[in-house]
Structures are given as structure tokens and as C-alpha cells.
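Quick note: the coordinates plus some simple rules give every number you see, no bench work behind them. Quantities reported herein were computed from a predicted structural model and do not represent experimental measurements. Using ideal geometry, Cβ is built from the backbone for each residue, glycine included, and neighbour counts are taken over all protein chains shown.
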Amino acid sequence: MLKKRRKIKNKSLGVFGLIVTLLIVLAATTYQTIIRRINLGLDLQGGFEILYQIEPLQKGKAVDMPSVIKSISKRVNVLGVNEPQISVEGNNRVRVQLAGAKDLNTARKLIGTTAKLTFRDVNDKELADSSILQEGGASLAYQSGEPVVSFKVKDTAKFRAITREIAAKKNGQNVMVIWLDYSKGDSYQVESQKKAQGKEPKYVSAASVNQALSGDSIIQGNFTEESARTLANLINSGSLPVKLTEISSNVVSAAYGQDALSKTAFAGMIGVGVVMLFMIAVYRLPGIVASIMLVSYVWAVFGIYALMGATFTLSGIGALVLGIGMTVDANIVNYERIRQEMYAGKSIRSAVREGQKLSFAAVFDAQFTTLIAALIMYIWGSGTVKGFATMLIITVFMTLILNVGLSKILLDLLIKSGICDGHPTWFAVKPNQIPDVTKGEKQFYTGTHHVNYVDKAKYLIRTAIVTIAIFLGLGIFNQFKGTGFLNLGIDFSAGTKLTITSNKKITTMDVQKEFEKIGLKNYSFQASGDKTVYATTKQAISTEELSKVKKSLKEVYGQEPGDNVVTPVVGKDLVQNAFILTMVAWIAMMAYVTIRYEWDYALSCIVALVHDVLIVLAVFGILRLEVNIELISVLLTIIGYSINNSIIVFDRIREQMNLRKNKENIDYKVVVNDAIDATIKEALNSSFTTIVPVIILLFLGSQAIFTFIFAMLVGLVAGTFSSIFVSPILWYYLRTHYKPKEKNQKKKEIRKERLDEYTIPGINA
């Protein structure tokens with residue numbers, strides 16, 4: 001018998017060691033490949049993102065979207081950018097993301113120009129279009145040392161005919177004018193006068209023709225090498241079948257992106273390390289298992305991202321850190337239940353088995369509600385919100401697979417081996433905290449404090465109400481003052497935001513003076529660190545004006561500023577979509593909680609979620625922090641996270657209710673107090689493992705996501721508070737005024753506890 005036990009012990013430990021070794025080997029041998037294959041977003045390596053409004057060239061004509069995407073792709077390929085992303089949004093919009101693009105102005109011009117090339121006479125009569133040229137036949141060339149565009153002719157007969165016709169005209173009239181995107185009303189006569197005055201004409205070239213031409217030719221103009229190459233690329237890519245209007249853009253310099261990546265990655269690693277140390281210190285052996293799973297979780301998430309070819313962004317890092325806290329939360333709920341079972345006198349083996357069984361429902365419900373919020377963000381969100389949602393969805397599945405499934409398997413193997421028998425301290429439980437049931441001892445230690453939370457919560461709730469009231473009062477005051485109820489960023493209000501980065505220290509006053517020199521007014525300035533200043537205006541400036549401004553600022557600060565431009569039409573859409581996202585998320589989660597529990601549980605959760613949203617908005621309103629589209633990602637995430645802890649408390653309330661046989665005389669205050677008392681430690685521990693990495697990111701991470709991370713911190717604190725004190729207290733008040741009908745349930749047979757479920761000195765302990 002002893003030999004058989006030893007064999008089982010050795011086998012279990014061997015399997016445990018094999019699994020852990022495989023995880024370590026896999027992570028060590030693949031992490032470099034994973035890092036290389038991950039696509040970094042433009043906020044991490046520089047580049048741009050532009051949202052185009054699509055209009056047909058002829059009114060009433062349908063837009064062929066596949067043809068549009070194909071034409072844009074041809075132009076993007078010229079830039080040599082790895083993994084460009086071109087996506088259709090709705091029926092008439094295209095979003096182009098080019099991470100790593102170096103010459104952003106050229107890229108902008110190359111993609112957005114319709115590029116309908118036409119050959120005309122001095123009277124603006126169209127003689128031919130680009131169909132007479134060979135496909136891909138245009139190139140940069142030089143004539144007398146000056147850059148020109150060389151092109152090959154496909155329809156030589158037609159080209160000879162039109163050049164013969166022009167050559168036959170008298171001097172001054174024998175001019176072939178080449179236009180790019182000629183518009184009705186444009187005139188060679190007007191534009192040639194502009195050129196005579198030293199101004200840039202709209203036409204590309206106007207060359208005299210003295211004889212018929214039938215072969216290759218050139219386009220002369222006041223070209224730089226860059227402009228000649230751009231024109232050649234435009235000719236080769238062909239004209240777009242539609243008109244593209246830039247309605248939103250975000251440009252990030254490469255230097256700014258790399259700085260953001262290094263700082264945020266460093267802060268993230270420190271955050272993970274702190275969480276691992278905390279888990280080991282608080283939960284001992286299970287904490288070691290949780291730490292192994294945490295490293296595996298990070299590796300698996302990045303691995304899946306690499307396999308998917310998904311783009312990793314700064315907000316994705318924020319979602320990853322939040323996911324770390326949430327995945328550790330699943331282990332904390334499990335380990336706290338195991339300890340509570342040991343306090344009841346059960347053996348380590350029985351406590352682990354029973355704790356895992358009792359905690360699974362709460363963990364699953366908590367993760368599923370987060371998944372609902374993430375799916376809503378992914379389906380209806382766009383840009384940053386969709387990227388954030390992708391990371392959150394992966395987080396949920398990896399939590400269930402690794403930190404619930406595989407973590408359980410590893411802990412079961414250690415228990416099965418028998419090495420934990422008689423060592424409750426390995427689970428952070430003292431031997432003198434466990435009753436000896438063989439001597440008739442009853443449970444004397446619970447790990448709780450028996451606080452009257454229901455009565456004390458009203459003071460905390462009043463504080464929250466006062467905070468919200470102050471926010472509403474200030475908001476109304478600011479509205480009358482004309483500064484707006486909230487400090488809406490350009491995402492919602494439309495406008496232009498420039499990110500000025502310098503190689504040396506700069507202040508807002510320095511930048512303001514430079515703006516005044518350029519003649520730019522109505523800008524507000526905000527510093528971000530010592531070398532970055534944001535300049536914001538409520539006006540969406542044109543592409544041409546933006547290029548001039550950026551060129552001037554580059555000459556002063558040595559780096560080309562990043563820009564974010566949002567037109568009023570996009571701002572309106574973002575506000576509408578943000579509202580819809582929030583409402584749909586609330587409705588979906590309320591429906592799920594109602595199905596899993598009852599309506600009063602769901603209503604209590606929704607009120608708590610409204611509280612969390614209002615607190616975040618209140619803090620942002622009082623401090624006048626910018627409210628942008630990324631805040632919507634935070635709010636939806638907090639909604640999912642807050643409901644996590646609420647469900648854990650409600651799971652205990654439901655458990656307490658089921659334990660009470662007399663349903664008519666239940667003291668609901670006692671039920672709520674006992675439930676909060678039993679779960680407050682795990683709620684605070686799980687919040688700690690989430691908040692600490694966020695705080696580290698706040699102080700050590702990139703300034704680019706400071707507002708994003710600060711909003712998350714405020715939301716996490718508010719969510720922790722509401723899940724402990726708002727939702728269960730509201731449930732208490734609802735239950736005292738309304739008692740739902742009892743559901744018909746089959747009577748469950750009470751099973752006798754088996755002897756090995758208790759600690760018996762000398763036998764199973």
C-alpha cells in the first residue's frame with residue numbers, strides 16, 4: 001500500500017514537473033520569434049491613421065468598394081510599409097493605417113489624391129487621359145540635372161495625333177498642359193498668370209510642343225526629386241475611382257512611438273513582477289502556481305497576437321495589464337475559498353476540491369460579463385476601441401484556459417502527490433486556526449471581522465453622492481461659462497491636436513511663442529513631460545495648412561510633429577457610438593445577471609455601474625481632464641471589471657440564502673453583512689493586483705497613455721467600492737421591500753460528509 005502511494009506521489013510530481021518544464025521551454029524558445037512577429041501599432045513605432053469619406057466622382061453613381069480598396073492598396077504598396085491595414089467602415093468610409101511609414105506627408109498625398117491625369121490644350125479642352133500611357137511606365141528621371149517624370153506611351157498613334165495638333169498651332173498656343181485632378185472651373189490662363197507671379201499653379205506641367213511625338217516622353221515642371229517621384233508613383237497607381245475626403249487623422253512620429261513603447265513595456269514588466277511577489281507572499285504554494293500561470297498567460301497572449309497578425313497598441317498594453325489583474329483575480333477567488341474550507345476543519349485535499357468547486361461559478365460569471373463588454377466593443381467599436389477589445393477577449397479566454405483550467409490541474413497534481421498533507425502553512429493557514437473535528441471542535445476562526453457593513457456603508461455612499469453633486473454643479477457652471485460641461489477632446493468636439501516633440505526641454509510658453517510667429521491662434525497648450533507639448537484647437541485644419549505648420553515646427557524643434565485631426569461629422573458619430581456602446585453593454589450584462597440570478601441582483605449591478613461611470617466622469621470634470629474616445633474603452637472595461645466583484649459578492653449572498661431553511665424570517669442585513677465579510681478580503685486582494693500595475697504604468701509608463709491609465713485607476717477604485725458597498729446594499733434595500741416568489745426546486749438530499757474531508761491527526765493530516 002505504502003509502495004503504491006509512493007508511486008502515485010512520484011508520478012504526480014513528475015507530471016507537474018513535466019508540464020512546468022514544457023511551459024518554461026516553450027516560452028524561452030519562442031519569445032524572440034513572437035516579439036519579432038508582433039505588429040506594433042502606429043502609437044508604438046510611428047506612422048499614421050486616416051479615416052476617409054468616400055464620394056463617387058459622379059453623383060448618383062454607386063461606389064465599387066473592392067475597386068477602391070484595390071486602388072488604395074496599390075498606392076500603399078509603393079510606400080514599402082509592412083502590414084498596412086485598410087478597412088471599410090460603414091458604406092462610405094475607409095480607414096488606412098500605416099505603422100512605420102517614414103515620409104508621412106508624401107504618403108498622405110499619395111493615398112488621398114484622386115490622380116486623374118489629363119492632357120489639355122491652353123483652352124482647357126481635354127485631349128487624352130492616362131489610358132494612353134503604359135501601366136507602371138512612369139519613373140523619376142533627370143534632364144540637364146533637373147528632376148523630371150519620364151513616361152512610356154501605350155497608344156502611340158493617339159499621342160502622335162494630339163501632339164501634331166498642338167504643334168501646328170502658333171507660338172503661345174502650342175502648349176500641352178498636363179493636369180492632375182482637373183476640376184470644373186479650373187483655367188490654364190488663370191493658373192499661368194499665378195506662375196508668372198511666382199505662385200504655385202494647379203496644373204502639373206505646361207510644355208511647348210514643336211513636333212509630333214510618338215514615343216516615350218517627359219513631364220517637366222518645377223519638381224523636387226521627392227515631388228517628381230510622388231507624381232510618377234501616382235501615375236503608375238492609376239486614378240482612384242472615387243473622391244477621398246480626409247475626415248479624421250492621427251499621425252505619430254517614430255521617435256515618440258519608440259519612447260512610448262520602451263517606457264510602457266518597462267513599467268508593465270515591473271507591474272507583473274510585483275503581482276507575482278504579492279501572490280507568493282499572501283498565498284504561498286498556490287501563489288507559486290499562480291505566478292507560473294501568470295508568466296504563461298503573458299506568453300500565450302503575445303503568442304496569439306503574433307499568430308493572428310493583430311496590431312499591438314498602447315491601449316492594448318493597458319488592456320494587458322488590466323487582464324493580468326483580472327486573471328489573478330480568478331486565482332484569488334479560488335484560493336480564498338480553499339482557505340475558508342480549511343478553517344471549517346476540512347483536510348487540505350478536501351478543502352482544495354471543495355474550494356475549486358464552490359468558486360468556479362463566480363469566476364465563470366465574472367469572466368463572462370467582461371467578455372460581453374469586450375464583444376460589444378469589438379463589434380461596434382473602431383480603431384483604438386476595437387484593438388482594446390481584441391486584447392480583452394483574448395484575456396478572458398486565456399484566463400479560463402490557463403488560470404482556471406491548467407492552474408487547477410497543477411494544484412491538483414501537487415495535492416495528489418501528498419506532499420502538501422500536514423502542511424497547512426503552505427496555504428498560508430496556521431495549524432491553530434483549524435478545528436479538530438474528531439474531538440468535536442467546531443469552527444472557531446473564519447478570517448472575517450463581523451463588521452456591520454450595511455449601516456456603515458451609508459457614510460461612504462454619501463461621499464460618492466457629494467462627489468457626483470460637485471461634478472454636476474461645476475459642469476453646469478462651466479456650461480454657462482462657455483467652456484463645456486466636460487472638457488471634450490477633439491474625438492468628440494472635432495478639431496486638431498498637434499504633438500510637438502523636441503530633442504531638448506520645451507515648455508508650453510516656448511511652443512505658444514512659435515505658434516504666434518507662424519500666425520496660429522486659438523490654440524491651447526498642455527505639457528507632457530519635459531520634451532513634449534500638445535497644441536489643440538477646436539478647428540479641423542486642412543491638409544495643406546497642416547503640412548505647412550508641421551514643416552515650420554520641424555525646422556524649429558528638429559522633429560516633425562504628430563497630428564490628430566477630427567472633422568465635426570466624425571466627432572458627432574463618435575459621441576453617438578459611445579452612447580450606444582455603453583447602453584448595449586448595460587442591457588446585455590443586466591440580461592445575463594437576471595438569467596443567472598434574479599432581477600433585483602441585476603438592477604443593483606446596473607446602479608453600481610452607473611455609479612462607476614459617474615465617478616470617473618466626475619473626477620475628469622472636476623480636474624478638467626480631456627475626455628476622448630479612449631475613455632469609452634476604459635468605461636466599458638470598468639463596467640466589466642466592477643460587475644466581476646459584484647457577482648462574487650452576490651454569489652455569496654445567494655449561497656447564504658440557500659443555507660437558510662426558513663425563507664420567511666430571513667434577516668437580510670445579516671445575509672449581506674456575512675457575504676461582504678466573507679468576500680471583502682478577496683475583493684481587496686484582487687483589486688490590489690489590478691491597481692498596482694496600473695499605478696506603476698501611471699508613473700513609469702508613457703505620457704501618451706497617462707490620461708487613459710489615470711481613468712482606469714479611478715474606475716478601478718470606484719468599481720471596487722461599488723461592488724462591495726453599493727450593489728449589495730442596494731440589493732438589501734430592494735429585498736426588504738420586495739420578496740420574490742420562491743422558485744420550484746427539487747429537494748436536495750443532504751449528504752453526509754466523508755471522514756477524509758476532515759483533518760484527523762495521524763491519518764490524513
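Measure nothing fancy, just the Cα-based angle from helix 727-737's long axis to the longest principal axis of the chain, in degrees from 0 to 90, nearest 10.
With rounding to tens, the tilt is 60 degrees.
Between rounded, prolate and oblate, where does the chain land on the alpha carbon gyration tensor, with a ≥ b ≥ c its root eigenvalues, rounded for a/c under 1.5, else prolate if a/b exceeds b/c?
Taking the square roots of the gyration eigenvalues as a ≥ b ≥ c, the chain is prolate.
Kindly identify segment 115-239 as rounded, prolate or oblate by the Cα gyration tensor criterion: order the square roots of the eigenvalues as a ≥ b ≥ c, call it rounded if a/c is under 1.5, otherwise compare a/b with b/c, prolate if a/b is larger, else oblate.
Verdict is rounded for segment 115-239.
7 Å from Cα along Cα→Cβ at both GLU135 and LEU684: what's the point-to-point distance in nm?
Going from the GLU135 label point to the LEU684 one covers 7.1 nm.
Mind giving me the FRET efficiency for ILE24 and LEU375? R0 is 30 Å, r the Cβ-Cβ distance, nearest 0.05 is fine.
That gives a FRET efficiency of 0.35.
Around ASP129, which amide H atoms from residues at least 5 apart in sequence, or from another chain, sit under 5 Å from its own amide H, with H modelled in the peptide plane?
Under 5 Å from the amide H of ASP129 lie the amide H atoms of PHE119, each far enough along the sequence or on another chain.
Using a Förster radius of 41 Å, what is the FRET efficiency between GLN433 and ASP530 based on their Cβ-Cβ separation? Nearest 0.05, please.
About 0.20, to the nearest 0.05.
Any idea how far apart ILE666 and ALA161 come out in nm if each label point goes 7 Å out from Cα toward Cβ?
9.1
Given the peptides 520-532, 355-367, arrange them by the average over their residues of other C-beta atoms within 10 Å, most packed first.
The densest-packed peptide leads the list: 355-367, 520-532.
Compare the peptides 172-184, 610-622 by average per-residue count of other Cβ atoms within 10 angstrom and give them in order, highest first.
Highest-to-lowest ranking by the protection proxy: 610-622, 172-184.
LYS504: net charge of surrounding residues, Cβ under 11 Å, Lys/Arg +1, Asp/Glu -1, itself excluded?
0
Quick check on segment 498-558: take the gyration tensor over C-alpha atoms, sort the square-rooted eigenvalues as a ≥ b ≥ c, and tell me if it's rounded (a/c under 1.5), prolate or oblate.
Note, shape of segment 498-558 comes out prolate.
Just how far, in whole angstrom, is segment 608-622 from segment 162-211 if you go by their alpha carbon centroids?
Cα centroid to Cα centroid, the span is 62 Å.
Round to the nearest 10 and give me the degree value, 0 to 90, for the angle of helix 254-283's Cα axis relative to the longest principal axis of the chain.
It is inclined by approximately 10 degrees.
Could you list, in their original order, any pairs among LYS357/LYS456; LYS504/LYS548; LYS199/LYS548; LYS497/LYS531 whose Cα atoms are separated by more than 21 Å?
LYS357/LYS456; LYS504/LYS548
When only C-alpha pairs under 8 Å and at least 6 residues apart count, what is the relative contact order of the chain, in percent?
16
Mind checking the full-extension length gain between LYS169 and LYS194? Use 0.36 nm per residue of separation minus the Cα-Cα distance, one decimal, nm.
In short, 6.6 nm is gained.
What angle, in degrees between 0 and 90 and rounded to the nearest 10, separates the Cα long axis of helix 2-37 from the longest principal axis of the Cα atoms of the chain?
Relative to the chain, helix 2-37 is tipped by roughly 20 degrees.
Could you go through segment 91-98 in sequence order and give the Karplus-derived ³J(HN,Hα) for each residue, using 6.51 cos²θ - 1.76 cosθ + 1.60 with θ = phi - 60°, rounded to whole Hz, and x for Gly and Pro?
Coupling constants for segment 91-98: 9, 9, 9, 10, 9, 10, 10, 10 Hz.
Give me the extension gain from ILE541 to SER144: residue separation times 0.36 nm, minus the current Cα-Cα distance, reported in nm with one decimal.
Using 0.36 nm per residue and subtracting the Cα-Cα distance, I get 139.0 nm.
Ignoring everything except DSSP H segments at least 4 long, calculate the 222 nm mean residue ellipticity for the chain; use -39,500 (n - 2.57) per segment, divide by total residues, nearest 500.
Helix-only estimate at 222 nm: -20000 deg cm²/dmol.
Taking the Cβ-Cβ separation of ILE280 and LEU474 as r and a Förster radius of 41 Å, what is the calculated FRET efficiency to the nearest 0.05?
Computed FRET efficiency for ILE280 and LEU474 comes out at 0.35.
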